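Just so it is clear, none of the values below were taken in a lab; they were calculated from the coordinates. All values derive from a computational prediction rather than experimental measurement. Virtual Cβ from ideal backbone geometry, glycine too; neighbours counted across all protein chains shown.
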Amino acid sequence: MELRIPKPEQLRLIYDRDLKEAFPAAELKPLADMERMWREGRYRPYCLFDGEEIVGEAFLWLGRPGWALLDHLCVAPHARNGGLGAAILKELARVEGDTVIFGESEDPEDAPDPEMARRRLGFYARNGLRTAGYDTAMFGVHYKTLYLASREVDDGALMEEHRFIYQNTFSPEKYRRYVRIPYDPEEGPGEKADWQQ
């Protein structure tokens, strides 16, 4: 198996086949946005190939050099429960060895399915991701912040890069309204809304 960048038509195929099936519409970037960001050099859609078949994906939303947000991690429906999610993360750490890859996973305390959220956090921990010292809230959803790196990363530096990604994508108004980095429990997660709003 090999982790590599797909052809544009393959991205369209897996968007419909895998991502739409795995992620709620409110959390999924429109395909046109992914394609535009990819063309602009701000997005890296890795796919795990088994021969010529794509069996999983890990999409990186690129920040400053050496930093990236794990936007989506997904295994094709027909290939689940075979260790491919772990294989994708292992390959991602290898091919992006100098990059701090960070992401968000729903906090079980506020998740609609707390057990699934706990299992997801356990999966990430088993596969080498560390939990940062701050949470986030995006579009009304409370997340734990995780990161994959060859070294421990200072929370202040991680938070700065985390903010950078969103501030350089969203308008100041959209950022102020929907993004909480860090999450403040006193304020709550904010207004629930679709990512696409």
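Some notes on this structure:
- Net charge over other residues, Cβ less than 10 angstrom from the Cβ of His142 (K, R count +1; D, E count -1): -4
- Gain on full stretching of the segment that runs from Phe123 to Asp154 - 0.36 nm per residue minus C-alpha separation: 8.9 nm
- Sequence-distant contacts, meaning Cα pairs under 8 Å at least 6 residues apart, place the relative contact order of region 43-86 at 31 percent.
- Dipole axis of region 2-180 (+1 Lys, Arg; -1 Asp, Glu on Cβ), positive-most option in His78, Gly122, Phe59: Phe59
- GluC sites (Glu not before Pro) within region 1-65, DSSP loop, no more than 16 other Cβ atoms inside 10 Å: Glu40, Glu52
- 0 to 90° range, to nearest 10: angle between helix 114-126 axis and the chain longest Cα axis: 60 degrees
- Calculated on alpha-carbon atoms, Rg and Dmax of the chain in Å: 16.0, 50
- Acute angle (nearest 10 degrees) that the helix 155-167 long axis makes with the longest principal axis of the chain, alpha-carbon atoms: 80 degrees
- For region 2-180, the dipole from Cβ point charges (+1 on Lys and Arg, -1 on Asp and Glu) about the Cα centre works out to 240 debye, to the nearest 20.
- Inter-label distance for Ile5 and Glu186, nm, one decimal - labels placed 7 Å from Cα along Cα-to-Cβ: 4.5 nm
- Annotation note: chymotrypsin sites (Phe, Trp or Tyr not before Pro) in region 142-175 located in DSSP loop regions with a Cβ neighbour count of at most 15 within 10 Å are Phe170.
- Summing Lys and Arg as +1 and Asp and Glu as -1 over all other residues whose Cβ lies under 15 Å from the Cβ of Pro108 gives a net charge of -4.
- Across region 2-180, Cα pairs under 8 Å and at least six residues apart give a relative contact order of 17 percent.
- Trypsin sites (Lys or Arg not before Pro), loop per DSSP, at most 12 other Cβ atoms within 10 Å - longest free stretch of the chain: 1-150
- Proximal aspartates and glutamates relative to Lys7, as straight alpha-carbon distance under 14 Å, when same-chain residues fewer than 8 apart are discounted: Glu35, Glu52, Glu53, Glu57
- Candidate lysines - alpha carbon under 16 Å from Lys20, same-chain residues fewer than 8 apart omitted: Lys29
- Shape of region 140-197, Cα gyration tensor, a/c cut at 1.5: prolate
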